[in-house]
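FYI, it's all coordinate maths here, none of it is from the lab. Please read all numbers here as calculations on a predicted model, not as lab measurements. Cβ atoms come from the backbone with ideal geometry, glycine included; neighbour counts cover every protein chain shown.
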Amino acid sequence: MGHGGRVLVTGGTGAFGMATSTWLSRLGHDVVVFARREPERLPARATFFRGDICDPASVRAAMTDCDAVVHLAWAVSGSISLEAATPLNIGGTENVLKAMADTGCSRLVFASSITAYGGHPDHPQPWREDEELRPGHDMVYELHKAQAEQLIVASGVSAVRVRPTVVVGRHAHNAPANVYRQLVIPNLGWGMQAIHQDDVGRFFAEACTSTHTGAVNLAADDVVTWPEIARLCRRPLMPFSVPAVTAVLRQVGKVVPAAHSAPELVNLMAHFPIGDTTRLKEDFGFSVAWSSAEAFADQGRTSGSHLVLGMKEVRRPNRLDRVRDHGAAEGDDAGNSVEAIDPAVAGEFDTVRTDPRYPNWTAANLAEAFPGPMTPLSLQMGWESLSTSADLVACLLPLPEHIADNIRRRQLGIFGHRLYNNTSVLEEMVVAVPGQTPEDFKYQTLGQPYPEDFVRPRTTPRDVVGYARFALQAGPRLAGLDAEVDRVVARAHEHAARLDPDATLPDERLLASIDVLWDDTLKAWQTGNVCTFLVSGPTAILERKYGREAILALKGEEGSLPSGRLLHGIGRLARIARTNDTVGALLGGTVDDATLDRLAADAPGFAREVRKLLADCGHRGPGETEFANKVYADSPALLLRAIARSMGERTAPRPPAPPSGLAARLGKVALKAISRRERARDAVVLTTHQLRKALREWERRLIERGRLTEPGDVFYLRLDEVYAANARDFRELVARRRAERIRLAAVNLPTDFSGRISLDTVAADPGSSPVLTGIPASPGTVRGRVRRMRSPEDDLDEGEILVASATDTGWTPFFGVASAVVTEFGGLMSHASIVAREFGIPAVVGLNGACARLTDGQLVEVDGAAGTVTVLP
């Protein structure tokens, strides 16, 4: 069977099954996932078939038209009796073999186990595949694996009998892996090999098309001792006497029948079989991406959020929940849906149909972080980060189940390859929170002012109960949020400290690195998005009690925010450049990426300071969440131009007086929430850049092998396609998606819409009123000429008014040049608002259609306190 066949995976919803199905999909196969219960999500190219391995008819039906079968369905409970397990284990294997004969399925990959060799203290050397299997007599799991292998050999089918060692990894949440998530790790014996779950899935998928048959051990070469396992899994090591414990367990087994096999299990763990991997490497040509130590470490690093008691995982009360991706709902629960976007406008990945009960959408709060249209890979990261974060928020709030389900499955949409929030769903959520009103939501999310006759409802006993429920549910989780941020920041810097991937890194290790960086970027986003969710609380209380002026007066210590460090660094270097004729001359001419080398030759001290700033902030840049965009480390000229533009003297407007008393204390709480969000966001971008660099190295190899055409192509793939690109030619697909992004970039989608985006709404008249009103974000009044900037590579002269769709940290240097900032998107806690306040320049944000209604060179007056932009004669 070549690539593109059809493969049945029995027991496909378990840890092995999902890893195998994912890799089969990546290699271009159609996958049939066979199990009794349907999972929440399936890999691409996979379909679910509900069935029971004990039912021959359902096995035969699932196997119809399949070229190969991966047989994983098995009873894994250590306490199951021989009689109870036999129909599933042995009967299930017989059903698979019979179905192969009936349907003509020609290839079998069977998951046996290295434990089928048995635990034998007289066999310390590695076991070879041709040695006799000698499992313990009371070990049902291992005994049945050996018997099933005999059945397969006797049947004569073309089969690979895979004997994996213990399977671990950050996604391995099954009974064997949970042994190493217990409160303590016993010091059992001579140690063991391990195999990472991702390596298991990759080998099982590749074995479907291999020409080799027979038994093969699947393990990494290195053997890890039990003290090392405890250290890598971040658990205490417990002294353990195998003879003493075994003797006690024998007595227990006489009283408790379910424990009768416990002595043999301890013996197996103490003398765990080590597998010879010669055949794995030489016959199958397989190289593992993870050593045993790395596989245990990967699991240990991600196991801190839960404890395992027996075989049950329990979340630590001060940690965030483990997220789930529930998938998007295209309609209501009865399947009713409406078209949300005209096909003539839509992109390949757009949300075409939506639930008619929730018609209202906005890009206002997302366009700042996720400027579109995004490349497919960046769009996938944005979608996954927001959808899984929605699950975290749903777990934090004591919401009715239907509202929590809507937050998870109906909150997000993609239109024109831009991310949108469903305001109908969000309003439903906000109103369900005690003390919140629809007016609060419209003001905080959409920037709509409160009605003049608005009177806040008085607090009721029901509200008090709601506050208590929120405190009980969210309080313990949020108590550990600062520590969560510390962890993602530390992990981001751990990635950054490693050497960049180069041509010497094997493919399998590079792809494993991309996999880890993807997961870690998602984790950083999830933590950061919870931090963002929490910013609105203290700021809303502060504004409610002391007015908007209290928000406009919020200002942290100099350089306290990551974005502030960048701007202050640029300001410091600009002051140096003003007094250094050599630097001034170099920056006063044409500035390109070679300018830094010229500075190193003629002004080495200044060049060293520039490189220090790049080392600290080089991962930031314009549109930094878009993988295809360059950051400052990629193009130092972007940073040098910002320094050059900041060399002029200027006087900023005086900011409002800082608050005092209770207002000051509330302000500190708000600033702490902002700082926490900014730290998490910096970790997101730092990890994103490490992922960007790993993807670029993979892309370089694919271009060299003729799989892709030019730099940037890899970002037009989805993640599964990135892994599959070495085996499949995606050049035509990439060319089509590139052209589609150019088309979508020319489409002026509305910031807000209700019901459906049509060609009429895209081409709506921006209006001609001389006074435009947005959200007042930073006080002060200035007059100046408009400069619309679509990219930070556009020119901005000192004193001009920067007008853009949105800004992020990559735009921060221009705040030292502009006399005021106006953005189409954002609110009081957006990047433009915070940085403008920190450096005392007026800002108006959330001014819908600003880029269409203001033109280059127009003379305007920006009033940051009133939130107005007035076009002057």
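Between LEU472 and LYS312, the simple label model (points 7 Å from Cα in the Cβ direction) yields a spacing of 2.0 nm. Short to long, the 10 Å bins of the Cα pair-distance histogram for the chain hold 2, 11, 20, 22, 19, 13, 8, 4, 1, 0 percent of all pairs. Would you mind checking the pairs LYS612/LYS672; LYS545/LYS672; LYS672/LYS693; LYS523/LYS545; LYS281/LYS523; LYS523/LYS672 and listing those with alpha carbons more than 25 angstrom apart? Pairs exceeding the cut-off: LYS612/LYS672; LYS672/LYS693; LYS523/LYS545; LYS281/LYS523. Relative to the longest principal axis of the Cα atoms of the chain, the long axis of helix 197-207 lies at roughly 60 degrees. For region 766-871, the relative contact order is 40 percent, taking Cα pairs closer than 8 Å that sit 6 or more residues apart in sequence and dividing their mean separation by the residue count. Cβ crowding within 10 Å, taken as a proxy for footprinting-reagent exposure, orders HIS171, HIS137, HIS689, HIS123 from fewest neighbours to most as HIS137, HIS123, HIS171, HIS689.
Spin-label model, ALA432/ALA175: points 7 Å from Cα along the beta carbon direction are separated by 3.7 nm. Sorting 414-427, 576-589 by their mean Cβ neighbour count within 10 Å, with the most densely packed peptide first, gives 414-427, 576-589. For region 1-60, the mean projected area of the C-alpha convex hull, equal to one quarter of the hull surface, is 3.9 nm².
So for each of 594-604, 829-839 I average, over its residues, the number of other beta carbons within 10 Å; can you give me the resulting order with the highest mean first?
On the way: 594-604: 15.4, 829-839: 25.1.
Averaged packing, sorted descending, gives the order 829-839, 594-604.
The length gained by stretching the chain between LYS98 and SER769 to full extension, at 0.36 nm per residue less their Cα-Cα distance, is 233.8 nm. In region 6-313, the inverse of the mean reciprocal separation of distinct Cα atoms equals 19.7 Å; this is its Kirkwood hydrodynamic radius.
What is the extension gain from LEU151 to SER241, computed as 0.36 nm multiplied by their sequence separation minus the C-alpha to C-alpha distance, in nm to one decimal? Present the calculation step by step, with values, prior to reporting the outcome.
Values: separation 90, 0.36 × 90 = 32.40 nm, distance 3.80 nm.
Between LEU151 and SER241, full extension yields 28.6 nm more.
Ranked highest first by average number of other Cβ atoms within 10 Å, how do 814-823, 780-789 line up?
Numbers: 814-823: 26.3, 780-789: 18.6.
Descending packing order for the listed peptides: 814-823, 780-789.
Show me the trypsin sites (Lys or Arg not before Pro) within region 258-343 that DSSP assigns to loop and that have at most 13 other Cβ atoms within 10 Å of their Cβ.
Values: sites: ARG279, LYS281, ARG301, LYS312, ARG315, ARG319, ARG322, ARG324; in loops: ARG319, ARG322, ARG324.
Passing sites in region 258-343 do not exist.
In this simple spin-label model, placing a label point 7 Å from the Cα along the Cα-to-Cβ direction at both GLU83 and THR855 gives a separation of 8.9 nm.
For region 6-313, what relative contact order do you get, as a whole percent, if you take Cα pairs closer than 8 Å and at least 6 residues apart? Spell out each step's value before the answer.
Details: 643 pairs, mean separation 61.3, N = 308.
Contact order relative to length: 20 percent.
Extension gain, ASP283-ARG705: 0.36 nm per intervening residue step, less the Cα-Cα distance, totals 149.5 nm.
Using equal-weight Cα scatterers in the Debye expression, the normalised intensity of region 766-871 in log10 at q = 0.16, 0.21 Å⁻¹ is -0.54, -0.99.
Based solely on its DSSP helices, what 222 nm [θ] is calculated for the chain when runs of n ≥ 4 H residues each add -39,500 (n - 2.57) and the sum is averaged over all residues, nearest 500 deg cm²/dmol?
On the way: 30 runs with 385 residues, N = 873.
It comes out at -14000 deg cm²/dmol, rounded to the nearest 500.
Relative contact order of the chain, taken over Cα pairs closer than 8 Å and 6 or more residues apart, is 10 percent.
The simple Förster model, with R0 at 41 Å and r as the Cβ-Cβ distance, assigns SER106 and ALA739 a FRET efficiency of 0.50. For region 600-623, the residues whose backbone nitrogen is under 11 Å from a point 7 Å from the Cα of THR582, taken along Cα to Cβ, are 600-607. Can you give the FRET efficiency for GLN448 and ASP616, using 1/(1 + (r/R0)^6), R0 = 56 Å, r = Cβ-Cβ distance, to the nearest 0.05? In this case the efficiency is close to 0.90.
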